Amino acid sequence: MEASTAPTSATKTIAGLMPAAAAAHGEQVAIRYKRDGAWHDVSCNELAGIAEEVGLGLIDLGVQAGERVCILANTRPEWSYADMGATEAGTVVVPIYQTNSPEECEWVIADSGACAIFCEDESQLAKIAEIRERVPSLRHVIVFDPPAGEPPLPAISLQELRERGRGHAPAELEARRTAVKPEDPFTIIYTSGTTGPPKGCVLTHGNYRAILDMVEDRGSLDSNAEDVVYLYLPLAHSFALLLQLVVFDLGVTLAYFGGDTKQIIVELSEVKPTYLPSVPRVFEKIYTLVSANVEPEQLAKATAVGMKVRELELRGEPIPEELKAPFAEADERLFKNVRAAFGGRLREAVSGAAPIAKEILEFFFACGVPVMEGYGMTETATAATTSTPTEHRFGSVGKPLPGVEVKIADDGELLIKGPNIFSGYYGRKDTGFGAVVDGWLHTGDLGRIDDDGFVYIVGRKKDIIITAGGKNLTPANIENDMKQCRWVSQAVMHGDKRPYPVLLITLDEEEILPWAQGQGLPGDLDALATEPQVVAMIQAEMDRVNERYAQVERVKRFAILPRDLSQETGELTPTLKVKRNVVAEKYADVLESLYEE
């Protein structure tokens, strides 16, 4: 669908985006958020006014242009107020994941030399209090929700910051805004750190203005259609940050989740979004729930019929008579319920951050909920390739965005060039992964490009397993297949320099515990990990998956871990990517046992 709303920003920097958006969209709803059980709206004009007060408040505190300002909070309106205000004041925003430990917060603050930090509440203030003495650059702490009692460390409220800003003339902020140049840093986003300490990707105003223009040209959002984007992803991640900027620029509504991920499905029915950015896990969970209640053959037939009809509809071609009845039946019994789970208005969903199985994409497409894959990295200012409902190939991550070039190096690595490529890692020069050589970013991902320009990701250079027999294996393939099982939460393959691949598996607590209760089995994951009935179920699933692969690729043995992987225990990044080195080290004894006769 072609968007009828043009980009609003008359400037070449993100610093000028919000005032231009307010001038273009005025009283249109920019923000929708849930508080005390009710949804509230904030107009473009109101959002611009709040951001101005925040920016002037930072000036009142003595924060200088070019200084770094951190935000440590969940996805909520105040995150955007702080982000837009700090950007207009000419500072460089440095997001921190709200789930980070005190030590991880310390690393980002110290490495970036941040002078100020916005904290969400008392729990986040406590993290900063714990490491306060070790970050001497930090001069100011601002809190969104001030604690009722004595705070863990001195801080001013966001409300007080805004009040201080009202004592300054708007011209002071305008001077800061107009002084910002496209080549100036806009944000420093720290990588998830799957292979070591996080590195700060320096992304300029020019990088983000370029990617905004590319995404807006793609035409997925339209303020005239009363589009609503539902956002639960952390705004500390580049994917969510990009969408926030696109939404404000186009005058579309951004609906923030209420803070509880268990309420996402409920809130989708309330908000009725037209566009949903997500990670694969949400789609995988819904798919496993559906597939657990529908016979595999019936599900496959319904998906095949749905796929044919949807493709014909997109091309504007008539539906053959022989397809109408089976499609109507599948729609009544299955498809309409899936659409309703997303609120009934969803025109497009986007899955990013990790691969998703082709079967899942085909199923949702058949249901009338197109889940499109794209590809990008923090280093590409989020995106580089995208798929659309009208131009896609399942299994591909789409075609390059306008202005982006892609090619495959001699060793199979995907290389990317474009105005959205970052300007380097803060305070360091890296020559390996993430290096930019002659304008080409070395992504670390292995890919291929078909004759029509569709890009496929086939693995990561550092994740490729080379067995003792010299066979190259891509772990993500079997891992994704296993995660389609309703009982499985995570699957991690191991086998580098080993005679055969093995798999570590974790159980899905929300699925396995109710089932175990009904079977009279123990009600904890530790006991279920060795329960013969559970092991037999996972073995049957492993046998089914193995049949898809050549003998040398098949997983010979597996182990079920006593608990799930998590960010809190260090095995997952904030975007739920598996830290393979951490898992391999933590469960070295388990892995070793799988190779013992």
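We did not get these values from a lab; they are worked out from the coordinates using the rules stated. A quick note: this is a predicted structure, and the numbers were derived from the prediction, not measured. Every residue, glycine among them, receives a Cβ derived from its backbone with ideal geometry; neighbour counts consider all protein chains shown.
A compact table of results
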item: Ordering of 404-411, 579-586 by burial proxy (mean other Cβ atoms within 10 Å per residue, highest first); result: 579-586, 404-411
item: Protection proxy ranking of 137-145, 377-385 - average other beta-carbon atoms within 10 Å, highest first; result: 377-385, 137-145
item: Nonlocal amide H pairs with Thr204, under 5 Å, H built at 1.01 Å; result: Phe186, Ser423
item: Taking Asp213, Asp564, Asp451 and counting other C-beta atoms within 10 Å, the order from fewest to most; result: Asp451, Asp564, Asp213
item: Residue-count net charge about Tyr232 - beta-carbon cut-off 14 Å; Lys, Arg +1, Asp, Glu -1; result: +3
item: In Hz, Karplus ³J(HN,Hα) per residue of the stretch 136-151 (6.51, -1.76, 1.60; θ = phi - 60°; x = Gly, Pro); result: x, 6, 6, 9, 9, 10, 10, 10, 6, 10, x, x, 5, x, 5, x
item: In sequence order, calculated HN-Hα J values of the stretch 553-562 (Karplus, 6.51, -1.76, 1.60; Hz; x Gly/Pro); result: 8, 6, 6, 7, 9, 9, 9, 9, 7, x
item: Cβ-based exposure ranking for Thr253, Thr530, Thr187, in which fewest neighbours within 10 Å come first; result: Thr530, Thr253, Thr187
item: Bridge type composition, the chain - antiparallel percent by DSSP, nearest 5; result: 55 percent
item: Binned Cα-Cα distances of the stretch 465-593, short to long, each 5 Å bin given as a whole percent; result: 2, 10, 21, 23, 20, 15, 6, 2, 1, 0
item: Proximal charge balance of Glu78 [Cβ under 12 Å; K/R count +1, D/E count -1]; result: -1
item: Ranked packing of 301-310, 484-493, most packed first, by mean Cβ within 10 Å; result: 484-493, 301-310
item: Inverse of mean 1/r across different Cα pairs in the chain, Kirkwood, Å; result: 25.4 Å
item: Extension gain, Thr569 back to Arg134 (0.36 nm per residue minus Cα-Cα distance, nm); result: 154.2 nm
item: Whole-Å distance, taken between Cα centres, linking the stretch 160-186 and the stretch 69-87; result: 15 Å
item: The stretch 14-277: radius of gyration and largest Cα-Cα distance (Dmax), Å; result: 17.4, 51
item: Euclidean distance between Cα centres, the stretch 482-517 to the stretch 208-259, Å; result: 34 Å
item: Distance from the stretch 314-369 to the stretch 384-433 (C-alpha centre basis), Å; result: 28 Å
item: Antiparallel bridges, percent of DSSP beta bridges restricted to the stretch 465-593 (to nearest 5); result: 70 percent
item: Residues Glu226, Glu120, sorted so that the one with the fewest Cβ neighbours within 10 Å comes first; result: Glu226, Glu120
item: Antiparallel bridge percentage (DSSP; both residues within the stretch 129-272; nearest 5); result: 45 percent
